[in-house]
Amino acid sequence: MTGTTPTAAQNTGLPAPAEQWGQYPAATHLLAHLSDTHFLGTAADGSGRLLYDTVDTDSTVHRAMAQLERSGLGIDALVFTGDIADLGEPDAYRRVRDIVEAAADRMGATLVWVMGNHDERAAFRTELLRVEANDAPVDRVIDVNGLRLISLDTSVPGYHHGEVTADQLAWLADVLTEPAPHGSLLALHHPPVPTALPLMTILELREQAALAEVLAGSDVRAILGGHLHHATTGLFAGIPVSVAAATCYTIDAAAPPRKLTGVGGGQSINLVHVYADQVVHSNVPLGSFDVVTRFPPDYLDQMEALSPAGRVEAFSRHSA
């Protein structure tokens with residue numbers, strides 16, 4: 001599925017790059033980064049089974065898609081960084097696929113699925129990618145208007161920690177031999193960053209030094225991850241790492257040190273703005289919230305009519 005809409009720079013509602021008001025031209029690409037949907041199979045009544053008999057995984061994915069569509073932003077790609085299905089059930093994959101594919105088609109966005117430790121490679125391939133089943137790592141390259149998205153499978157069949165094999169590293173090195181027009185983003189499930197949660201360290205990505213060697217000097221501009229169930233950022237091999245929180249439930253990073261606690265709130269997604277010289281990640285809470293202040297829709301029109309100095313006086317100067 002390939003996006004056909006104009007890039008984010010043409011759809012943000014802001015002036016064209018030559019008319020930018022600030023120091024930076026508009027982003028060349030805009031991605032939505034989501035993770036850890038953890039769908040279970042379908043119940044007899046056609047609804048999704050509740051995760052832990054409590055969490056309605058479907059509702060937050062519906063909400064995320066609705067928020068993105070309602071925004072009117074020109075989303076170039078939807079990137080889901082793993083644990084799409086909690087038990088790897090084919091009907092769970094079909095249900096989340098049908099929700100997301102329909103929204104991606106309406107937005108004209110490329111859809112990128114990444115394997116996680118809860119996923120099963122055979123069903124992942126047949127139900128999400130619609131290709132023949134096999135148990136090899138699901139490693140893919142997707143071009144999004146000159147931006148190369150590399151999906152790297154860090155799952156280990158039968159286990160929850162992450163690894164990347166020597167064959168995968170050789171494949172990745174070969175992919176990175178030639179730079180892409182707008183550079184590359186690496187999407188994987190197990191993020192190569194430290195975690196302060198003791199139990200989660202058991203499930204981290206192993207042998208990260210070998211991956212760092214492959215990435216050194218490459219055109220990879222950012223790494224997108226999941227797995228931790230809370231949003232966080234870090235640096236790996238000199239490359240910024242951004243972890244999206246889960247859409248299903250959130251792990252409380254401020255819980256007492258010896259507790260691993262999942263809570264039914266704080267779900268969010270990330271928006272990834274790709275600029276010519278940097279990549280910016282913005283966290284977006286999922287849900288409906290009270291509006292406490294806003295500018296009217298015609299305020300942007302008023303600002304456009306002013307000179308640069310006039311905009312500073314109208315919007316930057318402290319009011320009396």
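Just the residues that are assigned to a loop (DSSP other than H, G, I, E, B), of a type in the set (A, V, I, L, M), more than 15 Å from Val100 (Cβ to Cβ) and at pLDDT below 70, please, taken from the range 1-39.
Leu14, Ala16
Working only within the range 75-89, note down all residues that are of a type outside the set (Asp, Glu), touching a residue at least 40 places away in the same chain (Cβ under 8 Å), crowded, with 17+ Cβ neighbours inside 10 Å and out of contact with any strand residue (DSSP E or B) (no Cβ under 6 Å at 6 or more places or on another chain). Full working, then the answer.
Initially, the range 75-89 is screened for residues of a type outside the set (Asp, Glu), giving 75, 77-82, 84-85, 87-88.
Next cut, touching a residue at least 40 places away in the same chain (Cβ under 8 Å) only: 75, 77-82, 84-85, 87.
Then keep just the ones that are crowded, with 17+ Cβ neighbours inside 10 Å; that gives 75, 77-82, 84-85.
Once the filter is applied, which keeps residues that are of a type outside the set (Asp, Glu), touching a residue at least 40 places away in the same chain (Cβ under 8 Å), crowded, with 17+ Cβ neighbours inside 10 Å and out of contact with any strand residue (DSSP E or B) (no Cβ under 6 Å at 6 or more places or on another chain), the range 75-89 yields only Ile84.
Applying the selection to the range 161-175, what residues are assigned to a loop (DSSP other than H, G, I, E, B) and either crowded, with 17+ Cβ neighbours inside 10 Å or not β-branched (Val, Ile, Thr) (or both)?
Once the filter is applied, which keeps residues that are assigned to a loop (DSSP other than H, G, I, E, B) and either crowded, with 17+ Cβ neighbours inside 10 Å or not β-branched (Val, Ile, Thr) (or both), the range 161-175 yields His161, Glu163, Val164.
Just need a number here: residues in the range 273-318 that are of a type in the set (Gly, Ala, Ser), in contact (Cβ under 8 Å) with a residue 12 or more places away in the chain and closer than 25 Å to Pro25 by Cα.
Of the residues in the range 273-318, 3 are of a type in the set (Gly, Ala, Ser), in contact (Cβ under 8 Å) with a residue 12 or more places away in the chain and closer than 25 Å to Pro25 by Cα.
Give Arg95, Arg125 a once-over and let me know the one that is over 20 Å from Thr247 (Cα atoms), of a type in the set (D, E, K, R), assigned to a helix (DSSP H, G or I) and out of contact with any Leu (no Cβ under 8 Å at 6 or more places or on another chain). Break it down stepwise before answering.
Working: Arg95 fails: over 20 Å from Thr247 (Cα atoms).
Result: Arg125 is the single residue among Arg95, Arg125 that is over 20 Å from Thr247 (Cα atoms), of a type in the set (D, E, K, R), assigned to a helix (DSSP H, G or I) and out of contact with any Leu (no Cβ under 8 Å at 6 or more places or on another chain).
Tell me, which residue of the range 261-272 that is out of contact with any helix residue (DSSP H, G or I) (no Cβ under 8 Å at 6 or more places or on another chain) and in contact (Cβ under 8 Å) with a residue 24 or more places away in the chain is surrounded by the fewest Cβ atoms within 10 Å (Cβ to Cβ)?
That would be Gly264.
Can you pull out every residue in the range 146-160 that is under 21 Å from Ala123 (Cβ atoms), in a loop (DSSP other than H, G, I, E, B) and touching a residue at least 24 places away in the same chain (Cβ under 8 Å)?
Applying the first criterion (under 21 Å from Ala123 (Cβ atoms)) to the range 146-160 yields 151-160.
Right, trim to in a loop (DSSP other than H, G, I, E, B) and you get 153-155, 157-158, 160.
Hits for the range 146-160 are Asp153, Thr154, Ser155, Pro157, His160.
Take the residues in the range 244-256 that are free of Cβ contacts under 8 Å to residues at least 60 places away in the same chain and not hydroxyl-bearing (Ser, Thr, Tyr), then tell me which one is nearest to Leu50 (Cα to Cα).
Among those that are free of Cβ contacts under 8 Å to residues at least 60 places away in the same chain and not hydroxyl-bearing (Ser, Thr, Tyr), it is Ile251.
Given the residues Asp143, Asp119, which is the only one that is among the acidic types (Asp, Glu), in a loop (DSSP other than H, G, I, E, B) and touching a residue at least 12 places away in the same chain (Cβ under 8 Å)?
Being among the acidic types (Asp, Glu), in a loop (DSSP other than H, G, I, E, B) and touching a residue at least 12 places away in the same chain (Cβ under 8 Å) holds for just one of Asp143, Asp119, which is Asp119.
Of these, Ala210, Ala222, which one is within 19 Å of Leu185 (Cβ to Cβ), touching a residue at least 40 places away in the same chain (Cβ under 8 Å) and surrounded by 12 or more Cβ atoms within 10 Å (Cβ to Cβ)? Outline the logic, then answer.
Values: Ala210 fails: within 19 Å of Leu185 (Cβ to Cβ).
The match here is Ala222.
What tally of residues in the range 183-205 results from selecting those that are surrounded by 17 or more Cβ atoms within 10 Å (Cβ to Cβ) and either farther than 23 Å from Leu34 by Cα or over 21 Å from the mean Cα position of the chain (by Cα) (or both)?
Here the count works out to 1.
Please enumerate the residues belonging to the range 69-92 that are acidic (Asp, Glu) and in a helix (DSSP H, G or I).
Those that are acidic (Asp, Glu) and in a helix (DSSP H, G or I): Glu69, Asp91.
Provide a single number: the residues in the range 24-37 that are surrounded by 24 or more Cβ atoms within 10 Å (Cβ to Cβ), over 14 Å from Leu271 (Cα atoms) and out of contact with any Gly (no Cβ under 8 Å at 6 or more places or on another chain).
Qualifying residue count, the range 24-37: 1.
All but one of (1) touching a Pro at 6+ places or on another chain (Cβ under 8 Å); (2) over 22 Å from Leu87 (Cα atoms); (3) modelled with pLDDT of 95 or more hold for Pro198; state the number of the condition that does not hold.
Answer for Pro198: the failing condition is (3).
The values are calculated or read from the model by the stated rules, or taken from the named source; none is laboratory data. All of these numbers come straight from a predicted model, not from anything done at the bench. Cβ sites come from the backbone with ideal geometry, for glycine too, and all protein chains shown count toward neighbours.
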